[in-house]
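Below you'll find the structure, written out as structure tokens, and then a few comments.
The values are calculated or read from the model by the stated rules, or taken from the named source; none is laboratory data. Everything numeric in this text was worked out from a predicted model, so none of it was measured. All Cβ positions, even for glycine, are placed from backbone atoms using ideal geometry, and neighbour counts span all protein chains on display. Accessible surface areas use protein heavy atoms only, side chains included; no ligands, DNA or RNA. Shrake-Rupley method; radii C 1.70, N 1.55, O 1.52, S 1.80 Å.
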Amino acid sequence: QVQLVESGGGLVQAGGSLRLSCAASGRTFTGYAMGWFRQAPGKEREFVAAISWSSDSTAATRSIQGRFTISRDNAKNTVNLQMNSLKPEDTAVYYCAARLGRPSSYKGEYPYWGQGTQVTVSS
């Protein structure tokens, strides 16, 4: 059974940083792209960033470019999201997701999801 577990969320002031991690288990993830999505209260879940198995391809939504960095460690089956210069509008539950194949910004293309971790940015 595939399991994705996020960690690293919390409360931070605007301008601060957080590092989210997602630990994957339950199967071999060779060839799997990993993505981060977020969902703010009253809003739909939206794409944040994604990375290919080999880390040779990444994608990110425009609003986080230059501030967030996605990376992965295949030996440890983890994917990370380094978030710098956080803004109040980054407040959301952040979800890790996995899919076989190339990175995608469409949440419907990810069959595996974690439970999420809350990120709150105060102004």
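In table form, for the structure just shown:
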item: Residue within segment 39-52 that is closer than 24 Å to residue 1 by Cβ and over 13 Å from the mean Cα position of the chain (by Cα) present; result: no
item: Criterion (assigned to a strand (DSSP E or B), open to solvent by less than 80 Å² (accessible area, probe 1.4 Å) and either closer than 27 Å to residue 123 by Cα or in contact with a Leu (Cβ under 8 Å, 6 or more places away or on another chain) (or both)) met by exactly one of 59, 50, 24; result: 24
item: Looking only at segment 106-123, and only at residues there that are part of a loop (DSSP other than H, G, I, E, B) and hydroxyl-bearing (Ser, Thr, Tyr), the one that is surrounded by the most Cβ atoms within 10 Å (Cβ to Cβ); result: 110
item: Residues of segment 66-105 satisfying the condition of being among the β-branched types (Val, Ile, Thr), open to solvent by 30 Å² or more (accessible area, probe 1.4 Å) and closer than 17 Å to residue 116 by Cβ; result: 78, 91, 93
